[in-house]
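First the structure, in the form of structure tokens, and then the observations on it.
The values are calculated or read from the model by the stated rules, or taken from the named source; none is laboratory data. The shown structure was predicted, so the numbers you read here are calculated from the model rather than taken from an experiment. Ideal geometry is used to build each Cβ from the backbone, glycine not excepted, and the neighbour counts take in all protein chains shown. The protein model used for the area step is the full one, side chains on, heavy atoms only, and it has no ligands, DNA or RNA in it. Shrake-Rupley method; radii C 1.70, N 1.55, O 1.52, S 1.80 Å.
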Amino acid sequence: MADTTDSQVTPAPAAKRDRTHYLYIAVIIAVVLGIGVGLLVPDFAKELKPVGTGFVNLIKMMISPIIFCTIVLGVGSVRKAAKVGKVGGLALAYFVAMSVVALAIGLVVGNILHPGSGMDLTDTEKGAGHEAAEEADKGLVDFALGIIPKTMVSAFTEGEVLQTLLVALLVGFALQAMGRAGEPVLRGIGHIQRLVFRILGMIMWAAPVGAFGAMAAVVGETGTDALKALATIMVGFYVTCALFILIVLGSLLRLVTGVNLFKLLKYLGREFLLILSTSSSESALPRLIAKMEHLGVSRPVVGITVPTGYSFNLDGTMIYLTMSSLFIAEAMDQPLGVGEQISLLLFMMIASKGAAGVSGSGIAVLASGLQSHKPGLVDGVGLIIGVDRFMSEARALTNFAGNAVATLLIGTWTKEVDRERVDLVLDGKLPFDEKTLLDESAHQPEGAATAEEPANGLPVQPGSSDKKSLTT
């Protein structure tokens with residue numbers, strides 16, 4: 001009888017194989033094909049630019065609702081508003097400190113390389129520099145006022161990250177103050193979050209097409225002549241960004257959290273590939289939020305640190321501004337003294353915060369900063385506009401790595417990281433769900449209290465150290 005019963009036992013269903021690795025193999029192939037098309041038929045390649053732009057716009061479409069849901073769920077489910085303020089204050093202090101470090105590193109490398117020597121400037125390039133300056137934001141006052149949306153809904157329709165952040169914080173604090181009465185709203189937002197992440201997962205299947213169009217267009221527009229002429233500044237910039245990530249961020253991450261930087265970079269490998277193929281760090285913003293939550297950092301820390309970091313923690317942009325300013329000064333035979341270099345770059349560090357979200361913000365901040373502080377150098381901005389798109393990839397990759405590291409650091413300092421879960425995830429024992437971009441185990445049916453979800457039914461990310469501070 002026992003034998004019969006044993007023979008009738010149904011075997012456990014095999015786990016579904018993750019087929020998304022084929023998607024990213026396709027992205028790599030698309031990038032290679034895009035480079036080939038850009039070199040062989042540049043005129044045709046330029047016409048493919050809308051393909052890449054369309055894919056990035058699809059990703060950007062999802063950023064505001066994902067940020068809103070993440071922050072509201074994180075802030076709305078903690079007891080004390082002071083906890084949120086602590087995370088935000090610590091994050092901003094860290095961002096300023098790292099900006100200064102990045103500027104200093106760029107300053108040292110720029111003075112060693114002298115990359116602008118021997119460059120010639122044409123009249124067309126002079127005009128391009130002034131056009132770029134006009135595209136930047138007018139000042140910090142306009143920037144501060146721009147954080148306030150015209151309506152609560154316009155924060156989503158206009159796609160402004162900081163406006164969405166403000167609205168989400170207000171809603172989160174309001175739900176926090178409502179206590180149990182706000183729990184149905186939190187559960188509803190939890191369902192909406194799962195919906196928008198599922199939509200994002202669907203959009204990601206268009207990544208190969210978007211990568212092909214973006215890469216073909218940038219190679220077709222730039223050509224090899226500009227790359228050869230500006231090889232010194234490009235190679236120097238890429239090497240400096242790599243050293244910053246490996247030495248500065250890697251050392252800081254190891255000392256504070258004990259996490260190996262290479263494991264973290266491997267965990268975020270698909271996001272780096274996405275940024276490399278689209279030249280936009282925003283294309284990986286929604287996935288960074290999902291992956292840092294999965295890693296074990298609590299929702300409040302992820303929801304506040306990542307969106308704020310995308311506007312204020314621009315390590316790659318700081319290095320770019322430093323080296324580009326020195327490059328232009330050398331190229332125009334107007335070398336800057338040490339005092340002038342420091343004052344100009346501190347000015348640009350502040351100005352860059354006012355250009356968050358501006359398309360091509362790196363070149364726009366560079367041009368507007370020079371125009372305000374050293375007008376005679378604005379003409380030289382046109383020298384690097386031709387290869388700015390290639391440099392923007394290094395900027396985006398460095399900014400992204402800086403924000404990933406910052407999230408772990410802030411989480412560690414505020415004791416909002418499940419360290420055991422971090423090790424399990426980075427060792428590959430808790431794989432990220434590429435289909436939903438969420439841990440569905442964290443969302444049980446209403447009323448089904450589990451170890452990961454209290455009886456009030458609020459969705460809680462596994463590994464979140466915020467469990468004990470939920471509203472009861």
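Quick look at the values:
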{"read-out": "Exceeding the 18 Å Cα-Cα cut-off - candidates K266/K415; K83/K291; K83/K415", "value": "K266/K415; K83/K291"}
{"read-out": "Solvent-accessible surface ranking, highest first, for W413, W205 at 1.4 angstrom", "value": "W205, W413"}
{"read-out": "Gyration tensor (alpha-carbon) shape descriptor, region 231-300, a/c threshold 1.5", "value": "oblate"}
{"read-out": "Computed accessible area, T232, all protein chains, 1.4 angstrom probe, square angstrom", "value": "70 Å²"}
{"read-out": "Paired Rg and Dmax values of region 259-333, which use every Cα atom, in angstrom", "value": "15.7, 52"}
{"read-out": "Relative packing of peptides 247-255, 56-64 - highest average C-beta neighbours within 10 Å first", "value": "56-64, 247-255"}
{"read-out": "Accessible surface ranking that places the most exposed of D379, D315, D423, D333 first, with a 1.4 angstrom probe", "value": "D333, D423, D379, D315"}
{"read-out": "Neighbour net charge for A329 - beta-carbon separation under 11 angstrom, K R +1, D E -1", "value": "-2"}
{"read-out": "Mean-position separation - Cα centroids, region 403-424 and region 275-297, in angstrom", "value": "16 Å"}
{"read-out": "Evaluated over region 178-260, the Cα radius of gyration and Dmax, each in Å", "value": "22.3, 64"}
{"read-out": "Where Y238, Y22 fall by accessible area, highest first, once all protein chains stay in place (1.4 Å)", "value": "Y22, Y238"}
